[in-house]
Structure formats: C-alpha cells, structure tokens
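The block underneath contains the structure these notes are about, expressed in structure tokens.
Quick note: the coordinates plus some simple rules give every number you see, no bench work behind them. What you see is a predicted model; the values in this text were computed from it and never measured. Note: ideal-geometry Cβ built from the backbone for every residue, glycine included; neighbour counts use all protein chains shown.
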Amino acid sequence: MKSTMLKKEILRLIEEDREFRYAVMGLLGMSELLERFSRLEERQQRLEERFARLEERQQKLEERFAKLDERFARLEERQLKLEERQQK
C-alpha cells in the first residue's frame, strides 16, 4: 500500500513541481538525451542541405549528359552521311 501511495505522490510531483520534474529528468539523463537529440537534428539538417545540393548537381549532370547525347547523335548522323558520300 505504501508503495502505491509513494508512486502516486511521485507522479503528482512530476506533473506539478517543475523543479522536481527537472531533478528527476536530470537523474534519468534526460538533459543529455535532449542535447543528443539537438545535435542529431543539427546533423540531419546539414545532411538535408547536402542532399539538396547533390540533387542540384545531379540535375545539372543529367542536363549536360542529355546535351552530349544529342551532340553524339548529330555526329553519328554526319558520320553516316560522310560514309554514304564516300561510297558513291
């Protein structure tokens, strides 16, 4: 019975007493966890920014590749025409 009452009192204090709540959080290592979450969020943000830059670079590379592909196709056509002329 005492255990149940003690648990209820602890829960009440956690809910109502900010200082007690922070003390319990400190004992449980919550502040360290919050700091770690903060650092993880920062790293996640940097990764998202890097990913966006990589996407931009990828898009530019795809555009350049498409242009090169078009040029190559035109060169092939010219080569075929030259070969046809030489055969005549």
> Points 7 angstrom from Cα along the Cβ direction at residue 8 and residue 28: gap in nanometres?
Replying inline: 2.1
> Out of 3, 75, 52, whose Cα points farthest toward the positive end of the dipole of the chain (charges: +1 Lys, Arg; -1 Asp, Glu; placed on Cβ)?
Replying inline: 75
> What aspartates and glutamates could a cross-link reach from residue 60, if we take a straight Cα to Cα line under 20 Å and drop same-chain neighbours fewer than 8 places away?
Replying inline: 48, 49, 69, 70
> Between 40, 14, 87, whose Cα lies farthest towards the positive end of the dipole of the chain when Lys and Arg beta carbons carry +1 and Asp and Glu beta carbons carry -1, centred on the Cα centre?
Replying inline: 87
> Any idea what the dipole of the chain comes to, in debye rounded to 20, about its Cα centre with Lys/Arg Cβ at +1 and Asp/Glu Cβ at -1?
Replying inline: 260
>> If I require 15 Å or longer along the helix axis, counting alpha carbons, and a Kyte-Doolittle average no lower than -1.0, what helices from the chain are left? Use full DSSP H segments.
In response: 2-16
>> If I stretch the segment between residue 43 and residue 82 completely, what's the gain in nm (0.36 nm per residue apart, minus their alpha carbon distance), one decimal?
In response: 8.3 nm
>> Give me log10 I(q)/I(0) at q = 0.12, 0.23 Å⁻¹ for region 1-60, Debye formula, one equal scatterer per alpha-carbon, no solvent.
In response: -0.54, -0.91
